[in-house]
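Asker: Let me give you the structure first, and then I'll get to my questions.
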Amino acid sequence: MPRYFFHIRNNHERLDDLDGTELASPEAAHEEAVNAAIELICHRLEGGWYQNGQKIFGSSIEVIDEAGASIFTFPFAEVLSRG
């Protein structure tokens, strides 16, 4: 199974996922990114709207495959448009 890495971006900073997660497909990686974004947003909202002085909805998750290619970037703000 391919391994995907979920790097969290907030403005000019990036928190790297050094371990990655084995998933069946890019679609499964997308669903994992959405779920991670929702979890992170909920965690941050418990303590207030800001993360290190920046709004959490300005963050995103960049998904990279095991070859180092960027698959997609999921902006946290897109969580608000999911219904």
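Just so it is clear, none of the values below were taken in a lab; they were calculated from the coordinates. None of these values were measured; they are calculated from a predicted model. Using ideal geometry, Cβ is built from the backbone for each residue, glycine included, and neighbour counts are taken over all protein chains shown.
Asker: Using label points projected 7 Å from each Cα along Cα→Cβ, tell me how many nm separate residue 24 and residue 77, to one decimal.
Answerer: Placing both labels 7 Å beyond Cα along the Cβ direction yields 3.3 nm.
Asker: Rounded to whole Hz and in sequence order, give me ³J(HN,Hα) for segment 58-68 from the Karplus expression 6.51 cos²θ - 1.76 cosθ + 1.60, θ = phi - 60°, writing x for Gly and Pro.
Answerer: Whole-Hz 3J(HN,Hα) from phi for segment 58-68: x, 7, 8, 10, 9, 9, 10, 7, 5, 8, x.
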